[in-house]
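Data block below; observations after.
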Amino acid sequence: MHLHDYDSRSLGRARRLRVYTPPGYDAQLPAHLPVLYLLHGSGDNEASWSEFGRANVILDNLIAANKAVPMIVVMTDGHAVTDSNPQARGANAAAFERDLLEDVMFDAMARHGITP
């Protein structure tokens with residue numbers, strides 16, 4: 001599990017995401033692996049899948065048992081709008097979409113050699 005800070009130009013601030021890479025990933029470069037963008041529930045954040053759900057442990061075990069293919073899993077924070085007023089919260093989906101598509105998929109991941 002890797003923690004990555006990235007500059008979200010669409011949101012105008014630094015953000016964090018987590019990236020799971022399968023065992024032996026570094027030895028597999030430059031192999032292309034599928035990428036799963038795993039989103040959390042409304043009360044969670046980018047840490048929930050790994051800290052509480054143990055997604056990395058589950059994936060390691062599934063891959064070892066040949067029940068899942070090796071993949072990269074990107075877990076980002078779905079709370080793009082930090083303002084708590086109702087009008088600002090209503091804009092969260094559009095802001096998150098911009099952040100995910102423009103900054104996470106095509107910028108931050110590209111800097112780490114991961115193609116969407």
Exercise. If you line up the long axis of helix 55-64 against the longest principal axis of the chain, both from Cα atoms, how many degrees apart are they, to the nearest 10?
Worked result: 20 degrees
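Can you bin segment 1-73 into rounded, prolate or oblate? Criterion: square roots of the alpha carbon gyration tensor eigenvalues sorted a ≥ b ≥ c, rounded for a/c under 1.5, prolate for a/b above b/c, oblate for the rest. It would help to have the intermediate numbers written out before the result.
Values: a/c = 2.53, a/b = 1.45, b/c = 1.75.
Here segment 1-73 falls in the oblate category.
If exposed means no more than 12 neighbouring beta carbons inside 10 Å and the site is in a DSSP loop, what's the longest run of the chain without any exposed trypsin sites (Lys or Arg not before Pro)?
Working: sites that count: R9, R54, K67.
So the longest stretch without any such site is 68-116.
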Problem set entry | Integer Hz, Karplus 6.51/-1.76/1.60 couplings in order for segment 43-50, x for Gly and Pro | x, 10, 8, 5, 7, 4, 5, 8
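Pull up the DSSP beta bridges for the chain and report the antiparallel fraction as a percent, rounded to 5. It would help to have the intermediate numbers written out before the result.
Working: 11 of 15 bridges.
If we restrict to bridges inside the chain, about 75 percent are antiparallel.
Readers should treat all values here as calculations from the given coordinates under stated rules, not as data from a laboratory. Bear in mind that the values here come from a model prediction, so they are computed numbers and not experimental data. No Cβ is skipped: glycine too gets one built from the backbone with ideal geometry, and neighbour counts run over all protein chains shown.
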